[in-house]
Amino acid sequence: MALTCEVCGSPIGSAPGRIRIDGAVLQVCQNCARRGTPQKSQPPETIMLRPRQVAHSAFSGAELEIDPDYASIVKRAREGMGLTQEALGRAINEKSSVISHVESKKLKPDLILARKLMHHLHVNLLVSSRELDAAGY
């Protein structure tokens, strides 16, 4: 698959340049490279997860997963802080419907959403795979 310039859309024949325009880092052709500030050619950082939404703890090397009781944990913490679903949604830059769906178990949070909730609500939504296996989940 050929790369295309993210500014003009033309195919990039040689190595793409990376520039910053208004805070965005773009891959561009030689002609568009002068339109922004050159950036180092490091690939953007990505997080790759297995289909089961597993993270690795940096401290113990254990695999972490979303707690099966995430819905009640989030709801109790939100209510304990006196927040509405709308207020929590605004605080973590998510729609109130996302919070509603999480609390009703219609939506299992991915790791990004789980970390937002954990940070704002001061709760832990991640448990080790070993604990889940021992508990029979």
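What to note about this one:
- Summing charges over all other residues whose Cβ lies under 9 Å from the Cβ of I19, with Lys and Arg as +1 and Asp and Glu as -1, gives +4.
- Prolate is the label for segment 55-135, because a/c, from the alpha-carbon gyration tensor with a ≥ b ≥ c as root eigenvalues, is 1.5 or above and a/b exceeds b/c.
- Summing Lys and Arg as +1 and Asp and Glu as -1 over all other residues whose Cβ lies under 11 Å from the Cβ of C29 gives a net charge of +1.
- Residues S72, S100, ranked from the fewest to the most other C-beta atoms within 10 Å, line up as S72, S100.
- Taking the number of Cβ atoms within 10 Å of each Cβ as an exposure proxy, the fewest-first ranking of I73, I21 is I21, I73.
- Reciprocal mean inverse distance between Cα atoms of segment 1-43 - Kirkwood radius, Å: 10.2
- Each Lys or Arg adds one and each Asp or Glu takes one away; over the other residues whose Cβ falls under 13 Å from the Cβ of E6, this sums to +2.
- Relative contact order of segment 55-135, defined on C-alpha pairs under 8 angstrom at six or more residues apart (%): 39
No value in this document is a laboratory result; all are computed from the given coordinates. Since this is a predicted model, take the numbers as computed values, not measurements. Using ideal geometry, Cβ is built from the backbone for each residue, glycine included, and neighbour counts are taken over all protein chains shown.
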